[in-house]
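*Asks:* Structure below; questions to follow.
Where a number appears in this text, it was derived from the coordinates with a stated rule and is not lab data. Remember, it's a predicted structure, so these values are computed and weren't measured experimentally. A quick note on method: Cβ atoms are made from the backbone with ideal geometry, for glycine too, and the neighbour counts reach across all protein chains shown.
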Amino acid sequence: MLEVSDIHAAYGQVQALRGVSFSVNAGEIVCLVGRNGAGKTTTIKSIMGLLPVSSGAVSLDGRDLTEMPAHMIPREGIGYIPQGRRLFPELSVEENIEVGLMTRGEGRETRDWVLDLFPRLRERLKQTAGTLSGGEQQMLATARALCLRPKLLLLDEPTEGLQPSMIDLIIDVVVKMKAEGLAIVLVEQRVDTVLSLSDRAVFIENGRSVDTATPAELAQSPDKITKYLGV
Ligand code: ATP
């Protein structure tokens with residue numbers, strides 16, 4: 001489904017990516033793992049066209065994304081939940097969801113589907129997004145991304161700063177989406193989540209993908225986690 005092949009990207013003079021490659025199939029969760037500043041977020045931004053790649057290729061079901069304007073990429077069926085959530089804080093829960101639905105012209109059925117996944121949002125439709133708790137904001141950001149009925153979901157540290165019950169809720173939904181056949185890329189620092197959730201971990205170091213391992217392989221050689229995460 002998603003193929004990322006040897007992408008390079010820079011912020012002005014700062015070379016952030018110098019060779020990242022990995023692929024994700026339908027129904028798979030791939031975790032991007034690495035230390036702070038390794039290039040995980042930049043990899044996701046490059047897939048979304050928010051930072052142009054200087055070389056390499058990104059394709060979704062064989063369609064080249066690198067030549068596409070950034071605003072068209074979500075319409076290809078990619079739901080992106082950025083780090084820090086970035087909702088419209090002054091709009092209500094309902095209005096934030098409406099914005100998500102509009103991107104691909106989705107209607108009532110999709111709205112019901114996302115609200116069934118997050119009943120707590122249904123109870124808070126009129127509440128201003130900026131006044132939701134951190135966990136509720138993460139739910140809303142996820143719900144909004146799902147309003148596109150994506151085939152690929154990109155989540156950048158969705159559980160960061162959340163309390164355990166909220167983490168479980170978000171993870172539940174990620175597992176459900178995998179079961180529905182979505183391809184999922186997850187940037188994740190929590191080793192237990194990587195081990196329990198992913199089909200593969202891709203290790204990023206200094207802007208390069210340097211290794212990949214299944215949870216079973218990681219259980220055999222936990223030194224990889226120490227090496228690439230420093231924990
Ligand atoms: P973290 O876990 O801390 O979020 P990360 O692996 O996601 O880290 P990135 O945010 O992708 O790392 O950053 C990769 C490199 O690019 C870092 O050296 C960072 O300082 C640099 N970088 C990120 N954003 C910018 C920017 N807007 N301008 C210049 N350099 C940037």
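*Asks:* May I ask you to verify whether GLY100 is more than 16 Å from the ligand (Cβ to nearest atom), touching an Asp or Glu at 6+ places or on another chain (Cβ under 7 Å), touching a residue at least 40 places away in the same chain (Cβ under 8 Å) and in a helix (DSSP H, G or I)? Lay out the reasoning, then the answer.
*Replies:* Details: more than 16 Å from the ligand (Cβ to nearest atom): yes; touching an Asp or Glu at 6+ places or on another chain (Cβ under 7 Å): no; touching a residue at least 40 places away in the same chain (Cβ under 8 Å): yes; in a helix (DSSP H, G or I): yes.
Criteria not met by GLY100.
*Asks:* Pick from region 38-86 the residues that are over 17 Å from the mean Cα position of the chain (by Cα) and under 19 Å from ALA10 (Cβ atoms): which of them is surrounded by the fewest Cβ atoms within 10 Å (Cβ to Cβ)?
*Replies:* So, considering only residues that are over 17 Å from the mean Cα position of the chain (by Cα) and under 19 Å from ALA10 (Cβ atoms), the one surrounded by the fewest Cβ atoms within 10 Å (Cβ to Cβ) is GLU67.
*Asks:* Quick check on region 209-216. Is at least one of its residues under 15 Å from the mean Cα position of the chain (by Cα) and touching a residue at least 12 places away in the same chain (Cβ under 8 Å)?
*Replies:* No, region 209-216 contains no residue that is under 15 Å from the mean Cα position of the chain (by Cα) and touching a residue at least 12 places away in the same chain (Cβ under 8 Å).
*Asks:* Name the strands (runs of 3 or more DSSP E) wholly within region 147-209 that hold at least 2 residues that are farther than 28 Å from ASP112 by Cβ, out of contact with any helix residue (DSSP H, G or I) (no Cβ under 8 Å at 6 or more places or on another chain) and of a type outside the set (Gly, Ala, Ser)?
*Replies:* So the answer is 200-205.
*Asks:* Further question: Give me the pairs: first residue in region 143-172 and at negative phi, second residue in a loop (DSSP other than H, G, I, E, B) and β-branched (Val, Ile, Thr), beta-carbon distance under 6 Å, and six or more apart or on different chains, which are they?
*Replies:* Going by the 6 Å Cβ cut-off, the qualifying pairs are ILE167/THR159; ILE170/THR159.
*Asks:* Can you work out which of the residues in region 1-51 that are closer than 17 Å to ILE73 by Cα and assigned to a loop (DSSP other than H, G, I, E, B) is nearest to the ligand (Cβ to nearest atom)?
*Replies:* Only one residue tops the list, namely LEU51.
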